[in-house]
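Structure first, commentary second.
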Amino acid sequence: MKASATDKAIIEARKITKQFPGVLALNNVDLRVYAGKVNAVVGENGAGKSTLMNILSGVYTEYDGELLLDGQKIKFKDTTDARNVGISIIHQELQLVPQLSIAENIFLGREPLTKMRTIDRQKMEEESRVLLSKLELDADVNGKISSLRIGQQQIVEIAKALSFDVRVLIMDEPTSALSESETTTLFKLIESLKRDGVAIVYITHKMNELTQLADFVTVLRDGCSVHESAVKNIPVDDVVKLMVGRDIQDFFVKQPHVKGDVRLKIENMSMKKSGKSGKYLLKNISFDVHASEVLGIYGLMGAGRTELFEAILGLHPTRTSGTVCIDQKSIKISSPDVAIKAGIAFIPEDRKHDGLVLNMAIAHNISLASMDKILKNGLLSANLEQKQAEMYREKLKIKSTSSSQSVAKLSGGNQQKVVVSKWLATDPKILFLDEPTRGIDVNAKNEIYKIIDDLAVEGIAIVIVSSELPEIMAISDRIITLCEGRYSGEFARAEFTEEKILHAALPQ
Amino acid sequence: MKKQKIDISNLQPLIALILMAVAMTMMSDHFATKDNLFNVARQISVNICISVGMTMVILTGGIDLSVGSILAFTGAVAAGLFKNGLEIEGMNLFVGTTLFGAICIALVVGVFLGWFNGLMITKFKVPPFVATLAMLTIARGLTMLYTKGFPITQLGGQFNYIGTGWFLGMPMPVWISIVVISVSVFFMNKTRTGRYIYAIGGNERAAILSGIKVNKVKLFVYMIAGALAGIGGLLVTARLDSAQPNAGMGYELDSIAAVVIGGTSLSGGKGSIIGTVIGAGIIGVLNNGLVLLNVSPFWQQVIKGLVILLAVIIDKIQKEK
């Protein structure tokens, strides 16, 4: 279904294919972007949205297929190349230098110069002021980025994009860290950009934004483009079905299990910000988890989800206060090794950065947190280590050539299974998972859900953080919400609805 | 035990060493004689001792620039204690030391200076480069203070035997380096701490989250580097029959070169003791060969530098494939 024969796309992607080691991120994807319109790209995490945007904006230069700009074939050498023809991207993780001022960030890398070849601060500040007033951001252009709130920082990013002659502005989930009022401001801004004829590529997985904002929609699923049309031509429910491919309940069925005794009880957990600001990242959070229970923790970016895990694990003992009880015994956790001995396992959000030693073998990664188990007379036994690795390789179906293969060469899903194995090897009583399915494909996701559910049946208490509502609603028995470092709601499984949970998580 | 698959890229330094040895054998009649080979082995024994410690430090993602100075200070302490005993001015105290006692105290001094490095790095978060650079001048200064700037000479046959003597058909320094290599290879492959050293260099955050006491391991590694520099100090002093206040200058660079040529990554996590030993061998054969071929010492330095570059470039190309 074509949008309209009269509209001509500014930029068009044809049969784009991108292969990463172990993952086919994009498979023959088509995309058309129209001037003066909001072109939404929707899809689940791992569907390939970000990869596609990185190709459009010149971040990735190796791919198959072609890009057309105004009907002409084009290939970008780098992001500067893309920017020069008017394509700018605002990444989900903002790319600003916190220590520099607003003006310095806007003109970073192309500062206006005086005749003496020094930076023309006056001109830089003047132009920045013009941009900010156009975007209705009331802030000092000489103020540091770090003093701005996330929503304001995002507007600086937009100012930066506008300071180039932008024709296509790509926004990757721009509202994921914004409050409701900030979101409204952003939407107004987008409307005015539209009037100026800028093509907006808007990535989201929030359906209300789609209907509110977008003119065209492209749906990606597992690296393929499965639908493209005007938004008014397709009901939202159909978009959701296309995104998921099937209902989440259809393929993941929670096994019945009986909740056991209280395993972990957290009371009044607070954590200060580092430095002398005296501000709190977490404030007076209390909750408990029972054996065989899956507790979901939901919150927006910056709500303190990861900080909560780090506080419990004893990563910042000097800034943390509150009590932790495991099996009714109070315990002081001053470092991760104490937490591990007490039966806590932690599967971090960023497996490459926090979970794995990439150039080490699968077997060595699995044994890292439970070395005692593979000792024989106090020395490492390659034999025991090998056996343990083979056991998990089979149990969790880790696709690999052998247990001595380095984990760097595995796909995201299989890497995640290695992290899970590492923590299962510690015989945990309580398992924390932070975004356990981020960036892995749908099949691997299902396997991870199944593993989590099996572990709950075996009696492990599970605490899971996820920013995907359907996911967390499908696997949790109970959900608590966090908002700006505070506890903001609790829901039993019977009460789960997307609206209620989201509402509790949004800043009021 | 199951045999591990051998990765061809790890064999590169060994192949280079063999090729160099073959080339030297063809170019010089003198190279492949028993005397000369033992000579090379004896010459590299000091570098091997230091470099084994350096390998462990670099595997954790650190660096130790102070080994040359620690070597000088421990050598001086051992020689001074052995020759003059322990004299504490103002207290009228004099304690004579046996050779064994002098060696032990010297090694403790080496461990202590390494511990100080480690403390600065783990407790006060001083970057390893800076912390050990400071120790480079501190330990050199201590050496000058202790020796008052003059060599401590004529230590006698017993001490001298460690550096020049033979035991069961092999020079003593060669025996000592073989012991150092064997113990450290065993340590790196068979103990938890050895594994943790790799994990810390590979991904420090993952190591912390896995419950590894990263600071303890690092502290330990710098202590070992100090101890091994101490052993190097004993060998140098014993061979020259004197402790020179400026001994070991620039040894840290030869040692880093051996580690790098041996295929250990300067960013940590990847490499091996055996690779470093081969790296030290390559430098040794190169030095020896250039002397045998009458290449001027100035050119020798240029060539050595080029070999280091070549080794790293080949390694990079290999990895990108």
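Read-outs: derived from the displayed coordinates by stated rules, not from any lab. Because the structure is predicted, anything quoted here is derived from the model rather than measured. When we count neighbours, we look across all protein chains shown, and the Cβ atoms used for this are built from the backbone with ideal geometry, even at glycine.
Some observations on this one:
- Applying the condition of being of a type outside the set (S, T, N, Q) and crowded, with 17+ Cβ neighbours inside 10 Å to the stretch B:152-173 and asking which residue is nearest to B:Phe220 (Cα to Cα) yields B:Pro173.
- Any hit, the stretch A:326-340, residues being farther than 26 Å from A:Asp261 by Cα and away from every other protein chain (no Cβ under 11 Å): no
Results for (1) free of Cβ contacts under 8 Å to residues at least 40 places away in the same chain; (2) of a type in the set (Gly, Ala, Ser); (3) closer than 15 Å to A:Thr204 by Cβ, shown as yes or no for each residue.
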residue: A:Asp30; (1), (2), (3): no, no, no
residue: A:Ala35; (1), (2), (3): no, yes, no
residue: A:Glu44; (1), (2), (3): no, no, yes
residue: A:Leu52; (1), (2), (3): no, no, yes
residue: A:Tyr60; (1), (2), (3): no, no, no
residue: A:Glu66; (1), (2), (3): no, no, no
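- In summary, A:Gly459 fulfils each of the numbered conditions (1) in a loop (DSSP other than H, G, I, E, B); (2) on the phi < 0 side of the Ramachandran plot with the single exception of condition (2).
- Residue satisfying all of: in the stretch A:401-410; crowded, with 20+ Cβ neighbours inside 10 Å and under 28 Å from the mean Cα position of the chain (by Cα); farthest from the other protein chains (Cβ to nearest Cβ) among these: A:Leu410
- Scanning the stretch B:7-55 for residues that are acidic (Asp, Glu) and either touching a residue at least 24 places away in the same chain (Cβ under 8 Å) or in a helix (DSSP H, G or I) (or both) yields one hit, B:Asp35.
Here is a yes/no grid of residues against (1) surrounded by fewer than 15 Cβ atoms within 10 Å (Cβ to Cβ); (2) in contact (Cβ under 8 Å) with a residue 40 or more places away in the chain; (3) over 23 Å from the mean Cα position of the chain (by Cα):
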site: A:Leu132; (1), (2), (3): no, no, yes
site: A:Ile155; (1), (2), (3): no, no, no
site: A:Ile170; (1), (2), (3): no, yes, no
site: A:Pro174; (1), (2), (3): no, yes, no
site: A:Val198; (1), (2), (3): no, yes, yes
site: A:Lys206; (1), (2), (3): no, no, no
site: A:Cys224; (1), (2), (3): no, yes, no
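- The lone exception for B:Met249 - which of (1) within 16 Å of B:Val46 (Cβ to Cβ); (2) in a helix (DSSP H, G or I) it fails: (2)
- Going through (1) buried (at least 16 other Cβ atoms within 10 Å of the Cβ); (2) away from every other protein chain (no Cβ under 14 Å) one by one, B:Thr191 falls short only on (2).
- Residues located in the stretch A:474-501, provided they are of a type outside the set (Ser, Thr, Tyr) and in contact with a helix residue (DSSP H, G or I) (Cβ under 7 Å, 6 or more places away or on another chain): A:Ala474, A:Ile475, A:Asp477, A:Arg478, A:Ile479, A:Leu482, A:Cys483, A:Gly489, A:Phe491, A:Phe496, A:Glu498, A:Ile501
- Where helices (runs of 4 or more DSSP H) fall entirely within the stretch A:158-244, those with at least 1 residues that are closer than 26 Å to A:Ala25 by Cα and in contact with a Phe, Trp or Tyr (Cβ under 8 Å, 6 or more places away or on another chain) are at A:207-213.
- Within the stretch A:377-388, tally of residues that are surrounded by fewer than 16 Cβ atoms within 10 Å (Cβ to Cβ), in contact with a helix residue (DSSP H, G or I) (Cβ under 8 Å, 6 or more places away or on another chain) and at the interface with another protein chain (Cβ under 10 Å from one of its Cβ atoms): 1
- For A:Met360, the criteria (1) touching a residue at least 40 places away in the same chain (Cβ under 8 Å); (2) out of contact with any Gly (no Cβ under 6 Å at 6 or more places or on another chain) hold in every case but one, which is (2).
- Taken over the stretch A:332-375, the residue count meeting the criterion of being closer than 17 Å to A:Thr426 by Cα and of a type in the set (Lys, Arg) is 2.
- Test: B:Thr25 is farther than 17 Å from B:Ala258 by Cβ and buried (at least 19 other Cβ atoms within 10 Å of the Cβ): no
- The single condition among (1) among the hydrophobic types (A, V, I, L, M, F, W, C); (2) surrounded by fewer than 22 Cβ atoms within 10 Å (Cβ to Cβ); (3) farther than 27 Å from B:Ala102 by Cα; (4) within 14 Å of chain A (Cβ to nearest Cβ) that B:Ala207 does not meet is (2).
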